[in-house]
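Trainee: I'd like to ask some things about the structure below.
Just so it is clear, none of the values below were taken in a lab; they were calculated from the coordinates. Bear in mind the structure is a predicted one, so any value in this text is a computation, not a measurement. All Cβ positions, even for glycine, are placed from backbone atoms using ideal geometry, and neighbour counts span all protein chains on display.
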Amino acid sequence: MYPYHQNTQPAPRNTLRTRESTEVTLSELAADQRLLALLHLAMEESGETAARFRRLASYDRFAPSKNILESMALDEQKNQKRLQEIYYTITKKRPGTTSPENTPATLEEVDAETALEEMLLSEMDQVSFYRNFLLAVPAGELRDLFFEILTDKQNHVSGLTYLYSKYF
């Protein structure tokens, strides 16, 4: 049995810091150039990922699961819009848009297994990336948007794991 009952002394109040006392404001987020650069990177990567999901859906091998991959591509488009909303909320400026169709990651030819594995690993990396975003922003609307993106990424990892086990 765990000794939960042994430490009954409350922690001293002056050593605890509540999350509310360390919250950052939107103006502080707008001044954080690193955060804004990461948001731009996330927007570009989201568009590229959507194109990569569509490309996976075009493989004949994945024809029975095409709707799953197309759904993930739509999630990525939605996430790109969410990231644009976040950028606008922080900076009050519209972000520039990029075209992911001509990026090297969407143009290179790879076999179906390698493409699926790369997507799985990429989505796994993005889960921790968005978790860090979630923890960097104050509670409220921004956190809710990042939480939605994070859960989409986690669902994509589950779906891609299913597809990998089904086809390979």
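Trainee: What list of ³J(HN,Hα) values in whole Hz, one per residue of region 134-141 in order, does the Karplus curve 6.51 cos²θ - 1.76 cosθ + 1.60 (θ = phi - 60°) give from phi, with Gly and Pro shown as x?
Mentor: Computed from phi, the couplings for region 134-141 are 4, 6, 8, 9, x, 4, x, 4 Hz.
Trainee: While we're looking at this one, here's another question. Using mean Cβ contacts within 10 Å as the protection proxy, how do 38-50, 127-139 order, highest first?
Mentor: 38-50, 127-139
Trainee: On a full-extension model of 0.36 nm per residue, what is the gain between E141 and V24, subtracting their alpha-carbon distance, rounded to one decimal in nm?
Mentor: So the extension gain works out to 40.7 nm.
Trainee: So what's the projected area for region 112-168, the Cα convex hull averaged over all directions, in nm²?
Mentor: Averaged projected area of region 112-168's Cα convex hull equals 3.6 nm².
Trainee: May I ask you to list the aspartates and glutamates whose Cα is less than 17 Å away from that of K92, ignoring any residue fewer than eight positions away on the same chain?
Mentor: In chain and number order, the partners are E28, D32, E141.
Trainee: Right, another one. Going down the table (K93/K153; K78/K153; K78/K166), which pairs top 18 Å between alpha carbons?
Mentor: Result: K93/K153; K78/K166 exceed 18 Å.
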